[in-house]
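Presented below is the structure to which this report refers.
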Amino acid sequence: MRRLLPSTLAGRIILVLLVGLMAFHVGSLWLHQTGSDILLGSTQQRVTAERVAAAARAVGMVPPDAREAVAQALSSPGFQVRWRPGAAEGAVAAEDLALTGHREAEGTVGLPGGSLWYHADPLQAQPEHATLLSTTAMAVGILVLGLLVVRLIARPLRELSNAADRIGRPGQTVTVPEEGPREVRQAAQAFNRMQARIDRLIADRTQALAAVSHDLRTPLARLRLRAGFLDDAEVQRQIDADLDEMDAMIGSTLAYLRGDEEQEEVRSADIAAMLQTLCGDAEDMGKPVTYEGPPQARLRCRAIALKRAFANVIDNAVKYGASARVVLDDRGRELVVHVDDAGPGVPEEQLESVFQPFYRLEESRNRGTGGSGLGLAIARQAVGHHGGSVTLQNLAGGGLRASIRLPRPA
């Protein structure tokens, strides 16, 4: 029964209205028909008795040899009368008339010199088209009015649902119109207050992080300056590497937490050229990274955000898989980028966990293997803002494949 119910509130209200109207319609017609049958039955009996009595008087007033002709003259399609000469029979009272289930009446009335036989067909009830049409028109009118009311009620709910779906997506938040029934207005007001609190929380968090990043980078700059005065070149190199790692961790953390605050303009970009540039830069740094795919593949996107996402995935493959093979597949309606590495892969139960912020399979967080654990989280966030997805899959021959799907807007 639940599968038969409409999934929307409007559909369920319309179903209730439709079932109620049909029940009311059928009940009204049944009551009308029952009343008409009762009235028609009593009228049939009275009319039949009156016509039989009139026919008996008329036939009894003429000579016996003319009675058959008179009886035939009194007959009609719904009332047959015949004269039967013979012994006189007793008169039949009106209440003793033989009525069948169809209200047919048949019997004899005794007269001097014979009897009068009669047969009365039931009165045919004519369909009352005006009543049916009026009831149907009323039902249709109520249904149309119900549809309009349901649309008016459901519209604020749809707007509330759309506004809730926009939370967490890039772009300016839009308040829900506070209109409609009181309950809907109260829900819209509560939602707008909640949205305002979320916006204030994000703004305060971003401002605090910006202040922290500034405060952290100032002592980092002083440490880098002081390291330049060291006589030991190896110690100086190690300190610089530590400072670079700390600066990169601060930058990646801010990039992830800043998230939707970046309002980069959407424009047409060449994804193929972007990937070729990233692969070329990695090769120049001595990393085993290759590119396969078309020379050009354009997509309307936020190019800086996508470039950061691709760089994070490629860098992740090089760090943990020793190499990266980047393959771009232009499928018309979407672009698919596969980044394969030759590493040990990821346990199946952790293929989704690695997308969590600050989650790392390798716990040492050293310079050789580590980072902040935000690379894949930033990549999924950026690709998700474009309506795409990032997934991981262990390859049958060994290694890990990161698949990035980017749909082309219609």
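Listing for the model above:
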{"quantity": "Candidate set: segment 310-337, residues that are in a strand (DSSP E or B) and touching a Leu at 6+ places or on another chain (Cβ under 8 Å); chosen: the one surrounded by the most Cβ atoms within 10 Å (Cβ to Cβ)", "calculated": "337"}
{"quantity": "Qualifying residue in segment 225-247 (condition: modelled with pLDDT under 75 and closer than 18 Å to residue 381 by Cβ)", "calculated": "no"}
{"quantity": "Selection status of residue 357, modelled with pLDDT under 85, out of contact with any helix residue (DSSP H, G or I) (no Cβ under 6 Å at 6 or more places or on another chain) and in a loop (DSSP other than H, G, I, E, B)", "calculated": "no"}
{"quantity": "Of residues in segment 41-85 being within 60 Å of the chain's Cα centre (by Cα) and touching a residue at least 24 places away in the same chain (Cβ under 8 Å), the one nearest to residue 114 (Cα to Cα)", "calculated": "44"}
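The rows are residues; the columns are (1) in the same structural domain as residue 148 (by TED's automatic domain parsing); (2) surrounded by 15 or more Cβ atoms within 10 Å (Cβ to Cβ); (3) at pLDDT below 70.
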| residue | (1), (2), (3) |
| --- | --- |
| 12 | yes, no, no |
| 31 | yes, no, no |
| 36 | yes, no, yes |
| 43 | yes, no, no |
| 52 | yes, yes, no |
| 59 | yes, yes, no |
| 66 | yes, no, no |
| 70 | yes, yes, no |
| 85 | yes, no, no |
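The values are calculated or read from the model by the stated rules, or taken from the named source; none is laboratory data. Remember, it's a predicted structure, so these values are computed and weren't measured experimentally. Please note: Cβ atoms are built from the backbone with ideal geometry, for glycine as well, and neighbour counts cover all protein chains shown.
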